[in-house]
Amino acid sequence: MVIRRAGLADLAALAALEAASFVCDGVSRRAMAGFLRSPAALVLLDEEGAGAALRGHLVLRFHARHRIARVYSIAVAAAAMGQGVGRALVASAELAARARGSAAVRLEISVDNAPSQALFRACGYQVFGHYDDYYEDGGAALRLQKML
Ligand SMILES: CC(C)(COP(=O)(O)OP(=O)(O)OC[C@H]1O[C@@H](n2cnc3c(N)ncnc32)[C@H](O)[C@@H]1OP(=O)(O)O)[C@@H](O)C(=O)NCCC(=O)NCCS
């Protein structure tokens with residue numbers, strides 16, 4: 001597993017994986033380009049080897065005023081699911097958040113997304129709230145958090 005910070009050269013692959021992973025509410029190509037350029041965001045990716053196929057990515061955002069980092073998106077390619085890529089991306093994101101002085105990592109997960117809920121619970125995240133009508137399609141989300 002080769003996890004590294006993504007750059008603008010990875011934009012096409014990142015946007016393609018988002019499009020393949022989310023029917024709606026995925027990160028657009030334009031938004032992903034913004035995250036790649038922003039000092040308040042970190043995009044991590046896992047690839048099979050230097051220049052090889054993208055196996056997964058995670059977008060982490062930092063708040064200017066709060067010591068809370070937020071997983072804005074995580075996606076693993078269908079062919080790479082179930083092999084620990086998601087778990088490794090989450091662990092790398094936590095290390096990066098700690099290095100930036102974050103005290104906690106938070107994210108929202110659809111109430112219908114059992115695989116993602118299982119991944120984050122396995123990584124030690126706990127539900128601390130929920131939002132009704134959170135997604136474009138009106139679906140609800142759980143709010144999860146892990147103290148670092
Ligand atoms: C959710 C997602 C990122 C998981 O990535 P992954 O690389 O397949 O997950 P891992 O292999 O690292 O799994 C780690 C743990 O998560 C849990 N898990 C992952 N996928 C699961 C599934 N389909 N069913 C149940 N548990 C699952 C398990 O506890 C697993 O541990 P184990 O392998 O020891 O049983 C991936 O399924 C995905 O990209 N889904 C589509 C996009 C998405 O829904 N993103 C999340 C938005 S909030």
*Residues located in region 108-148, provided they are small (Gly, Ala, Ser) and more than 12 Å from the ligand (Cβ to nearest atom)*: Gly129, Gly138, Ala140
*Hey, can you tell me all the residues within region 128-143 that are surrounded by 11 or more Cβ atoms within 10 Å (Cβ to Cβ), out of contact with any Asp or Glu (no Cβ under 7 Å at 6 or more places or on another chain) and not in a strand (DSSP E or B)?*
none
_Name the residue that is farthest from the ligand (Cβ to nearest atom), counting only residues in region 82-107 that are without any contact (Cβ under 8 Å) to a residue 12 or more places away in the chain and of a type in the set (A, V, I, L, M, F, W, C)._
Ala99
*Residues of region 34-70 classified as among the aliphatic types (A, V, I, L, M), more than 27 Å from Arg143 (Cβ to Cβ) and assigned to a strand (DSSP E or B), total*: 1
*Starting from region 37-52, take each residue that is modelled with pLDDT of 95 or more and list its partners that are of a type in the set (S, T, N, Q), counting only C-beta distances under 8 angstrom and pairs at least six apart or across chains.*
Leu44/Ser92
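The values are calculated or read from the model by the stated rules, or taken from the named source; none is laboratory data. What you see is a predicted model; the values in this text were computed from it and never measured. As a convention, Cβ positions derive from the backbone with ideal geometry for all residues, glycine included, and neighbour counts pool all protein chains shown.
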